[in-house]
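K.L.:
Quick one: the structure is below, questions incoming.
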Amino acid sequence: MLLAIFICLLFAYSLVSARLEKTIVTAPIVFTLAGLGVFLAKQPAGGRMDAGAFLMLAEIGLVLLLFTDAARTDLKVLRRIRELPVRLLSSGMLLTILLGALAAKWVFPQLTLWESGILSAILAPTDAGLGQIIVNSQLVPVRVRQALNVEAGLNDGLSVPFMLFFIAMAASGQDDAGLIRFLVEQLGFGVLIGAGVGLIGGWLLSAARRYEWMAESFLQLAVVALPVFCILLSEHVGASMFIAAFVAGLFVQMSFGHAGKHSVEFAEEWGQILNLSVFFLFGMMVARDHALFGFAPFFYAVLSLTIVRMLPVAISLIGSGLDKTTVAFMGWFGPRGLASIVLGLVYLEQEKNLPGEQITRLAVMATVLFSIFAHGLTATPGIRLLTMRNSTPKTP
């Protein structure tokens, strides 16, 4: 029954998608509201949901989205603007985690310092899916679009080592000797797997197409297999599948330039379906726990999306040459969505039974929910404002 409702909703949304794209109503808003409504109409409060299946669905959707976003990233532009992503992913991200942990400890004094770090790490990555309006808009300067896209592609994988380290510290109360090994596996192996899958897969695709061995109808199926390879290999060696998928999308262009054009359509479309299903199920999760929410989770959500995000971005971009309006734009449009949902589920899957698990879960849900609506409703007006400010002649 639930699947039938989702398919009907997907079909109905598809029929009016072009009209809705011209408004401030985004697909995540529609599907989240639908999930809320369906659960409240059909299920009693406290109903059970399969977290394991939800996690798998969310991970696959995020992997496909990261791969397609990276495959469409212009490498020539990326080389020119590499300073901006480095700033956002280094000092910007570290400050975000630090400030987020301090804010969590202040808002939720019952959390330990390490549990505050867990919450901050879960909410540190930005969402490539919720940010698609910004990334795809030709009105936003290329330098800004690509920087935000690369940030969203890599910061989820970079957040995982911090989150698991904080979990280990919260569970044991002492230093984790395996942290360095874990960092190498998650980050180093993730990059190696992604580069290998991208280069080798792209070379094979290019050769098969050059010698006319491959039917055009199977090209998209072959491309979508690459991020799936990233999932399988990453699971085998304990690497970050998210970093591997994004790096594979970047490297596949080096040997198969068509990957960023028509060949990623299949992966993008199915990734979009999976992502929308995650937002639909997320809406049901929020409805299930609606009676547990209080003021504190939503207050932290506001802090997380404003001060905790925007201040570190502003500090990291000092000396970049960007004007204040652009810096504020980049700071605000760091939505929390699919990546935070995945990391939150990974945290719950650890089954450490930490005392602050419910607070963390509610704070993550409140932040993602607020982000879905706040960033969705302000994306189009924000782009217009940025365009107006950048086009206004500066007085001498």
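K.L.:
Given an 8 Å cut-off on Cα distances and at least 6 residues of separation, report the relative contact order of the chain as a percent.
P.N.:
Averaging sequence separation for qualifying contacts and normalising by length gives 31 percent for the chain.
K.L.:
Fully extended, how many nm does the chain gain between Leu348 and Asp289 (0.36 nm per residue separation, minus their Cα-Cα distance)?
P.N.:
19.7 nm
K.L.:
Taking R0 as 25 Å, what FRET efficiency do you get between Phe299 and Asn136 from their Cβ-Cβ distance, rounded to the nearest 0.05?
P.N.:
0.20
K.L.:
Tell me what the chain gives for mean residue ellipticity at 222 nm when only DSSP H runs of n ≥ 4 count, each as -39,500 (n - 2.57), the sum divided by the residue total, rounded to 500 deg cm²/dmol.
P.N.:
-24000 deg cm²/dmol
K.L.:
Would you work out which of Met93, Leu123, Ala104 lies farthest towards the positive end of the dipole of the range 80-156, given +1 charges on the beta-carbon of Lys and Arg and -1 on that of Asp and Glu, about the Cα centre?
P.N.:
After comparing all options, I get Met93.
K.L.:
For Tyr211 and Ser91, compute 0.36 nm times the residue count separating them, minus their Cα-Cα distance, and round to one decimal in nm.
P.N.:
Using 0.36 nm per residue and subtracting the Cα-Cα distance, I get 38.5 nm.
K.L.:
In units of 2.2 N^0.38 Å, what is the alpha-carbon radius of gyration of the chain?
P.N.:
My calculation over the Cα atoms of the chain gives 0.96.
K.L.:
Please work out how much length the chain gains when fully extended from Ile200 to Ile318, using 0.36 nm per residue of separation minus the C-alpha to C-alpha distance, in nm with one decimal.
P.N.:
Full-extension gain reported as 38.6 nm.
K.L.:
May I ask you to list, by number, the DSSP H helices of the chain whose Cα span along the axis is at least 18 Å and whose average Kyte-Doolittle hydropathy reaches 0.0 or more?
P.N.:
2-21, 27-42, 51-71, 93-107, 142-172, 190-210, 219-237, 241-255, 265-288, 357-391
Values in this text are rule-based calculations from the coordinates and carry no lab data. If you're wondering where the values come from, they're calculated on a predicted model, not measured in any experiment. Glycine gets a Cβ as well: all are built from the backbone with ideal geometry, and neighbour counts include every protein chain shown.
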